[in-house]
1. For an R0 of 22 angstrom, estimate the FRET efficiency from the Cβ-Cβ distance between Val172 and Thr43 and round to the nearest 0.05.
2. If I model a spin label at Phe253 and Leu99 as a point 7 Å from the Cα along the Cα→Cβ vector, what separation in nanometres do I get?
3. Would you kindly state how much longer the chain becomes between Thr348 and Gln183 on full extension, computed as 0.36 nm times their sequence separation minus their alpha carbon distance, in nm to one decimal?
4. How far apart, in nanometres, would the label points at Thr411 and Thr117 be if each is projected 7 angstrom from Cα along the Cα-to-Cβ direction?
5. Could you tell me which of rounded, prolate or oblate describes segment 355-399, using a ≥ b ≥ c as the square roots of the eigenvalues of the alpha-carbon gyration tensor, with rounded for a/c under 1.5 and, failing that, prolate when a/b is larger than b/c and oblate otherwise?
6. Treating the beta-carbon of each Lys and Arg as +1 and of each Asp and Glu as -1, no other charges, what is the dipole magnitude of the chain about its Cα centre, to the nearest 20 debye?
7. Quick one: of Lys7/Lys420; Lys218/Lys313; Lys7/Lys218, which pairs are farther than 30 Å apart, Cα to Cα?
8. State the volume of the convex hull built on the alpha-carbon positions of the chain, expressed per residue in Å³ and rounded to an integer.
Amino acid sequence: MNNFTGKLSDREVGQFILPLFVSTVFSNGYSMVNAAVSGRFLTPGALAVIVACGSCLSMESYLYVSMTTGFGFFINRCIGSGDIKRQRESLWGSLWLCLCMIILGIFLSGLADMIMTLANIPDYMREDARPYMRVILFGGGFWALENLLVQVAEALGESRVPAFLSMMSVVVQTCVMVLLIVQGGLGVEASALAVLTNHLWVAALLFLWVLRQPVGRKLLMSPCLPARSVWSELLQNGCSKSFMMMIIGLGAFLFQRRINTLPEDILTGYSYGQVPVNFLMSSLGAFAVTAGLITGQNRGRDRIREADRWNQKLLAASAILCVIYIVSVLMFAPVIIRSLSGAELSETSLQAGSRILRIQICALPLVSCYIIMRNSLQSMGVYRALPLLGGLEAAVCLIFAWGLMPQYGYTAVCWCAAFKWGIPAVTGVLIYRRCLRNEIAE
């Protein structure tokens, strides 16, 4: 395990990043296999239910995953500080809040019909959607607990165990779903039960792993109620992260509504162009996670210069990876689009897909800078910056959707990515540099 407040070599940081990177690439690549298996074993009606309930799943992610990811930033700072009392309070405060989320999820599962009405699920789907929705809502709190334990494991310097469990979980999820459909005779609820099963067994194994670590055992074996200041820090971290993601999600939703007004051929090309962009963009998250950990723990030890040194290194390393992505995609964009389609594409769709792919892939260095700055600012305790950055991203989407799309059409859609990532990235750098100067001055 790594001590992020000590002297770290490039090799040690690379060994921490690599499992996160491989896990993300594997999970995103395997999602295509999972989609194919789902299409093979689930009826078209069941697949339609999953798509229709997708907005509810997104809201769960914003509430539970973003919230507990925010808790993780504060836990990082406490672990870096070396204050055992503070570490114990931050961990147990997070666990108590996760318990509240589990209770909330159980309560919401009883309100599935009301939530389906709010989500505008069509009446003819509701009979099939009801059990699916209940299981999804029931499992939200356990999703939060799983994600929190991932944050704790990474804060203790371990990336291999969470990465391995993440890769295993996507495979197990597919197997459990097929087993429930074939042997159990279940319908669409089999997919939700497979997801819930994943949350439970991964959370259980992560809890046992943390308990086996000397530091983890010391923290977990002494339950406590945190001080008011700890509750405040946890909630500020969690709510700022959650609120930011909700703002971004709202902007993306409204932007997508405008995109859906484009001709079918262009929409088809746009959809295919998004697949490799999202796949490659997700792999950059490993650098952002590491930046958050190093910044948070060194901030806890008042070693902010060391955190900044590593942030610069992570920005440089991610930029090199982005250049490799850019060169590869610019050379083979049409080939990539055709290989994803698996069928004869119209020339309009091919050009639309290649165009969005080339422009967005060139904006990946901005994405990398944006997410590294975002995590570093939260680790430094600059909570207000997160809703601001999320608001800027959403505002750019709205400006392009309602201000530029009517005049420039698909061109505005393509260039939106560069600005929706670029403006928050530049703003994040400016806020980060100002906060860094203030920290050093103190």
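1. Working: r = 23 Å, r/R0 = 1.04.
After rounding to 0.05, the efficiency reads 0.45.
2. 3.2 nm
3. Details: separation 165, 0.36 × 165 = 59.40 nm, distance 4.47 nm.
That pair, Thr348 and Gln183, stretches by 54.9 nm at full extension.
4. 4.8 nm
5. oblate
6. 1280 debye
7. On the way: Lys7/Lys420 36 Å; Lys218/Lys313 33 Å; Lys7/Lys218 25 Å.
Among Lys7/Lys420; Lys218/Lys313; Lys7/Lys218, the Cα-Cα distance tops 30 Å for Lys7/Lys420; Lys218/Lys313.
8. Numbers: hull volume 63.5 nm³, N = 442.
It is 144 Å³ per residue.
The values are calculated or read from the model by the stated rules, or taken from the named source; none is laboratory data. Since we're looking at a predicted model, the values are computed, not measured. Positions of Cβ are backbone-derived with ideal geometry, glycine not excepted, and every protein chain shown enters the neighbour counts. Accessible surface is based on the protein model in full, side chains and every heavy atom, while ligands, DNA and RNA are left aside. Shrake-Rupley method; radii C 1.70, N 1.55, O 1.52, S 1.80 Å.
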